[in-house]
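Data block below; observations after.
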Amino acid sequence: MTFNNEKAIYLQMADRLCDEILAGTYKDDDRIPSVREYAVMLEVNTNTAVKTYDELARANIIYNKRGLGYFVTPGAKEQILQARKKEFMDNKLPEMFRQMKLLGINKEEVCNLFETYNV
């Protein structure tokens, strides 16, 4: 995984794990890779992975079964989806609309492009 400097690595790792939950790689109550496995997979320090898992556990996205590992909390996918939608609507769209206005892009152009991408 390539990390950027705009956000802490452990948060980027948390985003990636959330992406995997959204994509269906991990479903409710599925076991996710251990902290050590995830650190090796992403080539980061184990302490960074621990911080990632702590963050996700605090957010109730994953939970720990002592001696068995970490698992996806039931309903985590919907929770992630709702949080990301809110973030997008509250923070990304207003900036996009501002840029559209500055650049003279109308909503018909965006709708046509949206249809082209077949989203």
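Quick one: pull the percent of accessible area on the chain belonging to carbon and sulfur, 1.4 Å probe, ligands and nucleic acids left out.
Working: 4600 of 8530 Å².
Answer for the chain is 54 percent, counting heavy atoms of protein chains only.
Check each of the GluC sites (Glu not before Pro) in the stretch 1-68 and keep only those in coil by DSSP with at most 12 other C-beta atoms within 10 angstrom; list them in order.
Glu6, Glu43
Select one label from (1) 50; (2) 27; (3) 40: the one whose number is percent of Cα pairs over 24 Å apart as derived from the coordinates shown.
Of the listed options (1) 50; (2) 27; (3) 40, (3) comes from this structure.
If you build a Gaussian network model of the chain, linking Cα atoms that sit under 10 Å apart, which residue out of Asn60, Asn91, Asn106 swings the most?
Asn106
Holding the Cα-Cα limit at 31 Å, pick out from Lys51/Lys101; Lys27/Lys92; Lys7/Lys85; Lys77/Lys101; Lys65/Lys92; Lys51/Lys107 the pairs that are longer than that.
Values: Lys51/Lys101 41 Å; Lys27/Lys92 27 Å; Lys7/Lys85 19 Å; Lys77/Lys101 34 Å; Lys65/Lys92 36 Å; Lys51/Lys107 42 Å.
Beyond 31 Å: Lys51/Lys101; Lys77/Lys101; Lys65/Lys92; Lys51/Lys107.
Taking the solvent-accessible surface of protein heavy atoms with a 1.4 Å probe, what is the per residue accessible area of the chain in Å²?
Using a 1.4 Å probe on heavy atoms only, each residue of the chain averages 72 Å².
Are there any chymotrypsin sites (Phe, Trp or Tyr not before Pro) in the stretch 10-85 that are in a DSSP loop and have at most 14 other Cβ atoms within 10 Å? List them by number.
Listed in order of number, the matching sites amount to none.
Treating the angle as unsigned and between 0 and 90°, give the value, to the nearest 10°, between the Cα long axis of helix 93-103 and the longest Cα principal axis of the chain.
Roughly 30 degrees, rounded to the nearest 10.
The values are calculated or read from the model by the stated rules, or taken from the named source; none is laboratory data. All values reported here derive from a predicted model rather than from experimental measurement. In this analysis, Cβ positions are derived from the backbone assuming ideal geometry, glycine residues included, and neighbour counts consider all displayed protein chains. In case anyone asks, the SASA skips ligands and DNA or RNA and just uses the protein heavy atoms, side chains included. Shrake-Rupley method; radii C 1.70, N 1.55, O 1.52, S 1.80 Å.
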